[in-house]
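*Asks:* Let me begin by handing over the structure; questions about it come next.
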Amino acid sequence: MNTRRINSFKWKLNKPLAIIDIEATGINIRADRIVELAIVKLTPDDKKSIRTFRVNPGMPIPREATLIHGISDADVANCPSFGALAPEILKILESCDIGGYNIIRFDIPMLIEEFLRNNFVFDLEGRRVIDAQRVFHKREPRDLSAALMFYCGEMHLDAHGAESDALATLRVLEGQFLKYPDLPQNIDELDRYCNPTEPDWVDRTGKFKWENGEIVLNFSRKKGESLRYLIKNDPDFIKWMMRGSFPRDMQEIIKNATEGKWPSPPAKH
């Protein structure tokens, strides 16, 4: 593993921060597979280590995906499966906060799904999540290449290589702190800035919310209907949600509810 010191950040790390980037066979969290994973790990003592994994996805890589990231079936034919790599990846990510670009909507759900598929658990509990795209889109809505040019004045010449994208994300984060001195320096505050939630949300993305002590849907044509009512009266809709590409924490809430295990509503203040 490549290890070297980096310049001090504007933020104060009190635990390792792993900046990740994934290249995959596509963008469907449930159906597609990882073909490359890069992890740039930062430690509170200003050290950086980089590890890149090529993965055999166990399925053909669509031509349109290869055109984006440049990884073909031949490139991964002799690479290990994700299941074979999972213990090592989990070890690297142990006790780390997670950073990246668009990781909340793509990389983290994809990583969680791959681990679960191979009977491993990657839990976000206790981890702060720092998404450079959330900061960027709050200030300058564009993509990673534009972010690197805007904040750092650099061309992203190797876009869609996992290691290059992860390093570019790191440069963007550094540039964001230089440009926006009012950004939170505390990791807890930065996590809340990147991941705003409402007090009545049940899951991380707000697909469910609390209403009068009941979990109700906050999306679709069923918006406002209680989960309890739907489990009893519309099992086909429940099956659709369980089969769909919804976030894992949302599906866990549904699964537990069908088994009679309900979370406690938030305390009233």
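*Asks:* Mind running the shape call on the range 132-189? Use the C-alpha gyration tensor, a ≥ b ≥ c as the square roots of the eigenvalues: rounded below 1.5 for a/c, prolate if a/b tops b/c, oblate otherwise.
*Replies:* Since a/c reaches 1.5 and a/b is larger than b/c, the shape of the range 132-189 is classed as prolate.
*Asks:* Testing the spin-label approximation: label points 7 Å from Cα along Cα→Cβ at Lys12 and Leu124. State their distance in nm.
*Replies:* It is 2.6 nm.
*Asks:* If you take the alpha carbon radius of gyration of the range 208-258 and divide it by 2.2 N^0.38 Å, what ratio comes out, to two decimals?
*Replies:* Compared with the compact-globule rule of thumb, the range 208-258 sits at 1.02.
*Asks:* For a Förster distance of 41 Å, can you work out the FRET efficiency between the beta-carbons of Glu198 and Asp75, rounded to the nearest 0.05?
*Replies:* Once rounded, the FRET efficiency stands at 0.40.
*Asks:* Would you kindly state how much longer the chain becomes between Phe219 and Asp158 on full extension, computed as 0.36 nm times their sequence separation minus their alpha carbon distance, in nm to one decimal?
*Replies:* Extending this stretch completely gives an extra 18.2 nm.
*Asks:* A follow-up question, please. Let me know the shape class of the chain, please: from the alpha-carbon gyration tensor, a ≥ b ≥ c as square roots of the eigenvalues, rounded when a/c is under 1.5, otherwise prolate if a/b is greater than b/c, or oblate.
*Replies:* oblate
*Asks:* Right, here's the next one. What number comes out for the charge environment of Gly83, summing +1 per Lys or Arg and -1 per Asp or Glu over other residues with Cβ under 12 Å away?
*Replies:* 0
*Asks:* Compute the length gained on full extension between Lys255 and Asp46: take 0.36 nm times their separation in residues and subtract their Cα-Cα distance, giving the result in nm to one decimal.
*Replies:* Here the answer is 71.0 nm.
*Asks:* With charges only on Cβ, +1 for K and R and -1 for D and E, what is the dipole size of the chain about its Cα centre, in debye, rounded to 20?
*Replies:* 420
All of the numbers you see were taken from the coordinates with simple rules; none came from a lab. Since the model is a prediction, treat every value here as computed from it, not as a measurement. Glycine gets a Cβ as well: all are built from the backbone with ideal geometry, and neighbour counts include every protein chain shown.
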